[in-house]
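The values are calculated or read from the model by the stated rules, or taken from the named source; none is laboratory data. Small disclaimer: the values here were computed from a predicted structure and weren't measured. Cβ placement follows ideal geometry from the backbone for every residue including glycine, while neighbour counts extend to all protein chains displayed. To get the accessible areas, we keep the full protein, side chains included, count just its heavy atoms, and leave off ligands, DNA and RNA. Shrake-Rupley method; radii C 1.70, N 1.55, O 1.52, S 1.80 Å.
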Amino acid sequence: MVAEIRFRREAAALALYGAATTALLPLLYAKLAWRARHEPGYAEHLGQRAGRYRSAPSHGWLWVHAVSLGETRAAALWVRRLQAERPDIPVLWTHGTATGRAEGQRWLRAQDAQVWLPWDSPAAVQRFLAHWRPRLGVLMETEVWPMLVHGCRRRGVPLWLVNARLSERSAQRARRLRALAEPAYAGLSGVLAQTEADAQRLRALGAPVRGVTGNVKFDVPWQPPPWTAARAWRVAWQDATARPVLLLASSRAGEEALWLAAWQRVRQQGDGGPVPLWLVVPRHPQRFDEVHALLSGAGLRVLRRSALPDWPQPPAWPPEALQADVLLGDSLGEMPAYYALADVALMGGSFAPLGGQNLIEAAACACPVVLGPHTFNFAQAAEEALRLGAARRARDLDEALRLAQDWLSDPAARQRAQRAAQTLLQTHGGAADRTVQVLLAAWDEAGAVNAAPAGPRSA
């Protein structure tokens with residue numbers, strides 16, 4: 001009786017959710033139109049959001065969903081290894097953001113395809129699954145959608161969640177929506193968690209955790225491109241000026257204003273040392289103009305990255321760069337270059353209660369990091385970096401600036417932090433290979449690939 005009541009409650013919740021997502025589809029298109037003003041990629045292939053495609057139906061795909069830039073880069077770390085072992089497996093990439101889609105295009109082979117993930121409404125999900133008929137689906141990190149999981153179960157598509165993380169805050173939200181969340185997590189075929197703490201929270205929601213494999217982001221190459229080219233620009237900067245370089249990395253809404261206020265207080269005190277060049281890199285491209293207006297309005301001399309030549313060019317900083325207070329990072333896919341240029345980075349997303357950003361890429365670029373108090377989305381990486389000495393923790397941006405200045409005045413301490421960063425990656429690497437072995441077994445278990453061709457590259 002209890003089980004029947006629960007089944008009816010969950011069915012009603014899913015039906016209500018499906019009706020809501022269907023009704024909200026026009027608002028989704030309005031949001032995409034608004035975002036396309038700053039990122040034109042959001043206006044492309046809009047029919048795919050509703051599960052409509054120009055290509056012929058196909059089947060036999062390894063479907064990999066990586067919503068945004070970070071998840072796509074992380075997925076590529078294990079997808080490349082899988083393709084090296086089994087180049088015959090065609091990959092269908094899906095994304096939710098323009099930055100994720102642009103990054104995914106870098107990894108497309110002739111036999112692969114790439115589309116937007118459909119909106120999580122019953123009709124869109126049904127059309128997506130009917131058109132592509134994946135043999136195995138893989139979701140990255142947190143992307144568990146109720147209707148998508150339900151549709152895969154109905155069609156018999158095994159669906160895995162890998163590199164999975166679930167913060168306590170997210171787990172609490174999921175418990176408040178238990179009637180939707182529990183069937184979604186329980187409907188997965190398997191879950192590979194980043195940490196044991198993540199695994200425990202996922203199990204509590206009914207997820208079938210098959211192992212704790214670690215975080216694949218630790219397998220990022222040491223000093224990834226365009227690190228080398230950017231280091232040449234750094235040498236040219238040091239030859240032209242004695243000013244250090246500090247980075248506010250992947251900043252979120254409100255953090256630039258907090259940083260600006262803290263920096264103005266530091267400048268009023270005036271320690272007599274050389275004034276650093278600040279690299280300010282907002283996480284979201286649609287905010288580039290907004291941040292530029294904020295900094296310029298405060299009287300800072302701001303140079304935009306888009307005004308500089310590509311990094312591989314012979315390093316030659318223009319005079320306006322040498323005199324700038326801030327270099328605004330209004331580009332995509334160049335965080336390794338910004339980390340390579342910087343002496344120390346302040347990690348965005350951690351000074352407002354947003355959970356922080358991934359610091360592993362900074363570690364791979366040998367850039368010491370100052371973290372704010374909010375790192376719950378990347379707790380393991382943050383705690384390990386702090387323990388090893390690759391990062392320091394600040395209560396607020398005022399303290400963060402003091403800690404960054406301490407590192408600037410102590411080159412030996414910075415070198416120790418750089419060595420600790422390399423230790424961090426070496427100690428926690430290997431998750432990508434572990435993920436590949438599990439997924440290849442799941443692929444083989446799902447059955448033989450249909451002899452029909454998988455389909456065209458674009459849709």
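Tabulated data
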read-out	value
Among the candidates Glu39, Glu10, Glu44, residue that is among the charged types (D, E, K, R), open to solvent by 80 Å² or more (accessible area, probe 1.4 Å) and modelled with pLDDT under 95	Glu44
Out of Glu361, Glu383, Glu399, sole residue that is of a type in the set (D, E, K, R) and buried (at least 18 other Cβ atoms within 10 Å of the Cβ)	Glu361
Residue match in the stretch 213-225 (condition: open to solvent by 10 Å² or more (accessible area, probe 1.4 Å), outside any strand (DSSP E or B) and among the hydroxyl-bearing types (Ser, Thr, Tyr))	yes
Matching residues, the stretch 425-459, being open to solvent by less than 50 Å² (accessible area, probe 1.4 Å), modelled with pLDDT under 95 and among the hydrophobic types (A, V, I, L, M, F, W, C)	Leu425, Ala446, Ala452, Ala454, Ala459
Any chance Tyr29 is part of a helix (DSSP H, G or I) and among the aromatic types (Phe, Trp, Tyr)	yes
Unique match (being without any contact (Cβ under 8 Å) to a residue 60 or more places away in the chain, touching a Cys at 6+ places or on another chain (Cβ under 9 Å) and open to solvent by less than 20 Å² (accessible area, probe 1.4 Å)) among Leu166, Leu148, Leu129	Leu129
Top-ranked residue in the stretch 51-69 [being aromatic (Phe, Trp, Tyr) and open to solvent by less than 30 Å² (accessible area, probe 1.4 Å); ranked as farthest from Ala446 (Cα to Cα)]	Trp63
Test: Gln172 is free of Cβ contacts under 8 Å to residues at least 40 places away in the same chain and surrounded by fewer than 20 Cβ atoms within 10 Å (Cβ to Cβ)	yes
Failed condition for Ala186, given (1) closer than 25 Å to Arg414 by Cα; (2) surrounded by fewer than 17 Cβ atoms within 10 Å (Cβ to Cβ); (3) of a type outside the set (Phe, Trp, Tyr)	(1)
